[in-house]
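None of the figures in this text is laboratory data; all of them are computed from the coordinates on show. All values reported here derive from a predicted model rather than from experimental measurement. Cβ coordinates were reconstructed from backbone atoms using ideal geometry, including for glycine residues, and neighbour counts include every protein chain displayed.
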Amino acid sequence: DIQMTQSPSTLSASVGDRVTITCRASQSISGWLAWYQQRPGKAPKLLIYKTSTLESGVPSRFSGSQSGTEFTLTISSLQPDDFATYYCQHYNTYSTFGQGTKLEVK
Amino acid sequence: EVQLVESGGGLVQPGGSLKLSCAASGFTFSSYSMHWVRQAPGKGLEWISHIRTSSSTIYYADSVKGRFTISRDNAQNSLYLQMHSLRVKDTAIYYCARQRGSAWSEFDYWGQGTLVTVSS
């Protein structure tokens with residue numbers, strides 16, 4: 001089974017900061033990776049798919065990249081709306097989510 | 001507008017059963033693979049099951065295999081999750097989600113979730 005290891009589990013930052021969240025796959029996943037944002041009490045929202053494709057309507061301050069089995073979500077300049085929990089997901093026949101990263105106000 | 005609305009959650013005793021439903025609207029339900037994902041209180045997301053368009057192929061996470069059954073009724077635009085032998089650790093919000101593409105693909109729409117509480 002493919003494991004997705006996401007880090008950090010918590011990230012403290014301020015409005016305007018550039019932040020990165022990392023997800024490492026236990027083996028090659030050929031770019032089949034998505035990122036979701038989840039606000040408290042709400043369903044997850046798709047941000048990025050196929051490693052780096054921005055979902056329609058998602059601000060361009062969000063970006064995704066890959067280096068080998070390491071995947072990164074970057075928020076270039078944090079906005080107040082961005083404080084939430086983020087999950088990576090490897091999707092195939094069986095899906096696997098990372099453990100989540102809670103982005104909190106510093 | 002795409003909508004997914006789950007229902008059927010509630011309080012059930014350990015060992016009991018429950019059937020969740022997900023009503024879909026705003027898209028051609030029969031053309032999309034569907035998934036169930038759950039989230040225990042204060043925890044992360046856990047994928048639990050996947051059903052393809054014609055129900056021809058079904059997959060389960062090991063944690064629910066043999067206890068949960070996913071199904072769909074394309075005529076009724078509905079997805080279901082029949083849960084048996086429920087355990088305390090099955091307590092979670094259960095979400096249905098639409099898979100965008102026909103092959104490996106991300107989940108582009110999610111329902112609001114329905115809470116299942118397994119407790120004596």
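Structure summary
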quantity	calculated
Length-normalised contact order for chain B - Cα pairs under 8 Å, 6+ apart - percent	36 percent
Among A:S14, A:S52, A:S67, residue whose mean-square fluctuation peaks in a GNM of chain A (springs only between Cα atoms under 10 Å)	A:S67
For region B:61-68, 3J(HN,Hα) per residue [Karplus equation, 6.51 cos²θ - 1.76 cosθ + 1.60, θ = phi - 60°, Hz, x = Gly/Pro]	6, 4, 5, 10, 4, x, 10, 10
Where N is the number of residues in chain A, Cα Rg divided by 2.2 N^0.38 Å	0.99
Order of B:K19, A:K50 under a 10 Å beta carbon neighbour criterion, fewest first	B:K19, A:K50
Derived scalar couplings ³J(HN,Hα) [region A:46-59; Karplus, 6.51 cos²θ - 1.76 cosθ + 1.60; whole Hz; x for Gly, Pro]	5, 10, 9, 9, 6, 6, 9, 8, 6, 5, 3, x, 7, x
Relative contact order (percent, whole number), chain A, Cα cutoff 8 Å, 6+ residue spacing	38 percent
Between region B:71-120 and region B:55-70, the Cα center-to-center distance that results, in Å	11 Å
Nearby lysines by direct alpha-carbon distance to A:K42 (threshold 19 angstrom, same-chain neighbours under 8 apart not counted)	A:K102, B:K43
All aspartates and glutamates inside 20 Å of B:K19 as judged from Cα atoms, apart from same-chain residues fewer than 8 positions distant	B:E6, B:E46, B:D62, B:D73, B:D90
Semi-axis lengths, Å, region A:61-105, gyration tensor of Cα atoms, sqrt of 5 times eigenvalues	22, 14, 8
Under Karplus coefficients 6.51, -1.76 and 1.60, residue-wise ³J(HN,Hα) of region A:86-91 in Hz, glycine/proline x	10, 10, 8, 8, 8, 10
